[in-house]
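The values are calculated or read from the model by the stated rules, or taken from the named source; none is laboratory data. The structure presented is a predicted model; accordingly, all values stated were derived computationally and were not measured. Note: ideal-geometry Cβ built from the backbone for every residue, glycine included; neighbour counts use all protein chains shown. The protein model used for the area step is the full one, side chains on, heavy atoms only, and it has no ligands, DNA or RNA in it. Shrake-Rupley method; radii C 1.70, N 1.55, O 1.52, S 1.80 Å.
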Amino acid sequence: MSTSAQMTAIVQHSFGAPEVLTLGHAARPVPLPTEVLVRVHASGVNPVDWQTRAGAGVAWALGEPPFTLGWDVSGTVEEVGFGVTTLAPGDEVYGMPWFPRAAGGYAEFVTAPSRQFARKPRSITHEQAAAVPLAALTAWQSLIDTAHVQPGQRVLIHAAAGGVGHFAVQIARHLGAHVIGTASSARHEWLAGLGADQVIDYSTVAFEDVLTGAGARVDVVLDLAGDARDNTSTRSLAVLRPGGLLIAVPGGVSPELAAAADAAGVRATPFLVEPDGTALTRIAELIDAGTIRVEVEEVYPLAEVARAHARGQANRTRGKLVLRVAS
């Protein structure tokens with residue numbers, strides 16, 4: 001295949017507001033040995049996308065613009081590189097390639113190592129599948145690989161109604177945990193349907209006032225809000241049992257937070273999600289079994305990516321936003 005072949009892509013030439021995202025063209029990638037070329041049908045939109053667009057997030061890994069954002073993809077294998085034996089042209093796959101390095105998911109094609117993809121869940125559309133990888137892997141790797149959540153443990157999930165949060169509620173429930181979430185009151189009934197045992201309206205009551213009584217403290221806090229939002233991580237230390245674990249996803253663990261955790265007799269760890277085709281295979285099985293449901297609030301045409309970013313940044317979505325790249 002000629003390296004001069006072009007594809008439609010969203011390209012940004014500077015950091016800034018959503019308007020820096022422009023529909024243009026880029027070189028169509030060519031798969032190297034052990035890689036696959038995937039024709040993208042849909043691409044998920046995540047907070048890290050708009051943070052990176054503005055120069056924060058994982059901009060340190062992408063470098064200076066121009067570049068193409070996007071990590072969540074669902075599509076069809078177009079071509080396989082030498083040595084690939086697990087996938088073949090025509091296979092429907094989904095994945096989170098290369099994160100935190102550039103993957104270029106807001107485009108017609110992406111290439112990545114074949115084992116960073118998994119076969120798409122059969123029971124859902126490409127738009128739904130594109131909503132899964134980054135968010136579900138964050139929940140999976142946090143709760144299973146990092147916290148080692150066990151049946152009967154109490155797990156508190158901040159921002160439970162968001163992209164990561166709604167998967168975390170379901171995965172924690174699947175693990176047999178007692179699941180507590182924080183969310184606005186409008187999301188409580190929905191989260192209960194996903195498996196939350198208790199939901200706290202963060203806008204009307206301080207969660208630590210609810211969870212510091214006898215028997216109310218928790219084993220694990222999955223904080224998807226961070227100290228930047230009302231000192232959520234620091235306040236969460238008070239609700240952990242001795243030796244409990246705080247997983248601080250968006251802001252990491254500052255020296256001050258680490259010292260406070262040590263003084264409180266609890267643990268605090270930062271977290272960054274990794275590509276994981278094996279976990280995505282297991283997640284697909286749970287989706288097809290009906291154990292995990294995928295919530296997509298809205299699907300936008302690729303050309304309306306700026307509108308999707310603006311909507312996401314308003315922080316009022318239930319579940320995920322997705323871009324439709326190809327029909």
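What to note about this one:
- Neighbours of Gly193 by Cβ distance under 14 Å: Lys/Arg scored +1, Asp/Glu scored -1, total +1.
- Of Gly16, Gly104, Gly70, the one that fluctuates the most in a GNM where the chain has Cα springs shorter than 10 Å: Gly16
- Of all DSSP beta bridges in the chain, antiparallel share, percent nearest 5: 55 percent
- Whole-number accessible area per residue in Å² for segment 94-231, which is evaluated in the context of all protein chains at 1.4 Å: 35 Å²
- For segment 151-276: rounded, prolate or oblate by the Cα gyration tensor [a/c cutoff 1.5]: rounded
- Accessible surface, 1.4 Å probe, highest first, among residues Arg122, Arg39: Arg122, Arg39
- Separation in nanometres of the label points that stand 7 Å from Cα toward Cβ, at Val30 and Ala326: 1.9 nm
- Listed residues Trp140, Trp98 arranged by accessible area, highest first, probe 1.4 Å: Trp98, Trp140
- Near the amide H of Val218, within less than 5 Å, lie the amide hydrogens of Leu240, Arg241, all on another chain or at least 5 residues away, with H placed in the peptide plane.
- Zone of Ala206's modelled label, taken as backbone nitrogen in segment 229-259 under 15 Å from a point 7 Å along Cα→Cβ: 230-240
- Within the listed set His25, His178, His309, the Gaussian network model of the chain (springs between alpha-carbon atoms below 10 Å) gives the highest mean-square fluctuation for His25.
- Heavy-atom accessible surface of segment 73-148: percent carbon and sulfur, 1.4 Å: 50 percent
- The string of couplings for segment 104-114 from the Karplus curve (6.51, -1.76, 1.60, θ = phi - 60°) is x, x, 7, 7, 6, 9, 9, 10, 6, x, 4 Hz, one whole number per residue in order, with x for Gly and Pro.
- Over all other residues within a Cβ to Cβ distance under 10 Å of Val36, the charged ones net out to -3, with Lys and Arg as +1 and Asp and Glu as -1.
- Net charge of neighbours whose Cβ lies under 13 Å from the Cβ of Arg154, counting Lys and Arg as +1 and Asp and Glu as -1: +1
- Two-site label geometry, Ala56 and Arg122: point separation in nm, points 7 Å out along Cα→Cβ: 4.3 nm
- Fraction of beta bridges assigned by DSSP in segment 53-192 that are antiparallel (%, nearest 5): 65 percent
- Solvent-accessible area of segment 182-327 (1.4 angstrom probe, protein heavy atoms only): carbon and sulfur portion equals 47 percent.
- For segment 223-238, backbone phi angles converted through the Karplus equation (6.51, -1.76, 1.60; θ = phi - 60°) give residue-by-residue couplings of 9, 9, 10, x, 5, 5, 10, 6, 6, 4, 5, 4, 5, 5, 4, 6 Hz, Gly and Pro being listed as x.
- Scanning residues 5 or more positions from Gly244 or on other chains, those with amide H under 5 Å from its amide H are Arg267, with H placed 1.01 Å from N in the peptide plane.
- Amide H partners (placed H, <5 Å) of Asp91, local residues excluded: Val77
- Karplus 3J(HN,Hα) series, Hz, for segment 198-205 with 6.51 cos²θ - 1.76 cosθ + 1.60 (x for Gly, Pro): 8, 10, 10, 7, 5, 7, 10, 8
- A Gaussian network model of the chain, with springs between Cα atoms under 10 Å, assigns the largest mean-square fluctuation among Val164, Val205, Val155 to Val205.
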